[in-house]
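Sharing a structure with you now.
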Amino acid sequence: MNAAQAQLLRWVLVETSHPGNVGSAARALKTMGFSDLRLIAPKIAGVARVPEAIALASGAVDVLESSQETSSLESAVQGCTLVLGLTSRDREFGPPALNWQDARPLVQAAIAGNQQVALLFGPERTGLDNHHLSLCTHRVWLDANPLYPSLNLAQAIMVCAFTLRESLGEDLGLAPLGPDTEPVDYADPAAVAAMLEHWREGLEAIGYLDPANPKKLMPRLQALFARTRLHKEEIDLLRGIAKQMLLKK
């Protein structure tokens, strides 16, 4: 794994409660050669400057200091063509689910295509919720003891970082992109979420969706589009349809 590959991976911690976990996560990432740490709405603002986080980061204080803290998960996944939400909880709806072993080749392929990848880790007590997962291309779980599958946040990050370091050092057998080869231009999940909101407005405008009794229409549409991995030009097409629905209002 080289530095350029490492920079294509974003490690996103969502609503983390304990400063020690943030520090330990930074240490795990630096040990494995990664550094792009994003902190989304941590329970303690400015958590990277909390003494407990600094102490547990040990020699990885530079990763803490360079971490980006924001309240917007959408901004953290913007521009990412592959967004993996790490959670062992099964969901009725949401993005396609696969285990970590099957997810790793997807990361390898995206990195080989010079595409940005994000890995999301949720709050310690509850994990990622449905809104968080709506911004993911896949829900991923780590194989563990089915009777006790819970991992500490920093432990889960270390497992992923260690195995990705191994994977990115392997030859995937992909031919490098030539001058006439265009990489797949996938839409990032934030763009898909914005398109779905546009569709919600359009479906209400034509009377197909009752806002007082929406049932499960929008979660089903979200799951449908998540399975297809939409391209950017397809987002434009779908938003054009939504615009026409709104004109019928």
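The values are calculated or read from the model by the stated rules, or taken from the named source; none is laboratory data. All figures in this text were calculated on a predicted structure; none of them were measured in a lab. Quick reminder, even Gly has a Cβ in these numbers, built from the backbone with ideal geometry, and neighbours come from all protein chains shown. Just so you know, the surface numbers come from the protein's heavy atoms only, side chains and all, with ligands and any DNA or RNA stripped out. Shrake-Rupley method; radii C 1.70, N 1.55, O 1.52, S 1.80 Å.
Using a 10 Å cut-off on Cβ atoms, rank the peptides 21-33, 95-107 from the highest mean neighbour count down.
So the order, starting with the most tightly packed, is 21-33, 95-107.
May I ask you to derive the FRET efficiency for Ala3 and Phe93 from their Cβ-Cβ distance with R0 = 45 Å, giving the value to the nearest 0.05?
So, using R0 = 45 Å, E works out to roughly 0.75.
Between Rg and the Kirkwood Rh of region 197-249, both from Cα atoms, what is the Rg to Rh ratio?
Using Cα coordinates only, the ratio equals 0.99.
Just from its helices, what would the mean residue ellipticity at 222 nm be for the chain, if runs of 4 or more DSSP H residues each count -39500 (n - 2.57) and the sum is divided by every residue, rounded to the nearest 500 deg cm²/dmol?
Estimated from H runs of four or more residues: -14000 deg cm²/dmol.
Arrange the peptides 46-54, 186-194 so that the one whose residues have, on average, the most other Cβ atoms within 10 Å appears first.
186-194, 46-54
What are the lysines whose alpha-carbon lies under 22 Å from the alpha-carbon of Lys215, with same-chain residues fewer than 8 places away excluded?
The qualifying lysines are Lys249.
Determine the share of the chain's accessible area contributed by carbon and sulfur atoms, expressed in whole percent, with a 1.4 angstrom probe.
Here carbon and sulfur together make up 52 percent of the probe-accessible area.
What does the C-alpha gyration tensor say about the overall shape of region 115-172? Classify as rounded when a/c is under 1.5, otherwise prolate if a/b is larger than b/c, or oblate.
Because a/c hits 1.5 or more and a/b fails to exceed b/c, region 115-172 counts as oblate.
Oh, and also: Over region 41-87, with the other protein chains present, what is the accessible area per residue in square angstrom, probe 1.4 angstrom?
With all protein chains present, region 41-87 gives 47 Å² per residue.
How high is the relative contact order of region 1-156? Use alpha-carbon pairs under 8 Å, at least six apart in sequence, and give a whole percent.
29 percent
What three numbers, in Å, describe the spread of the alpha carbons of the chain along their principal axes, ordered from the longest?
Extents along the principal axes, in whole Å: 60, 46, 37.
Where in region 228-249 is the amide nitrogen less than 20 Å from a point lying 7 Å along the Cα-to-Cβ axis of Arg220?
Zone members listed by number: 228-229, 242.
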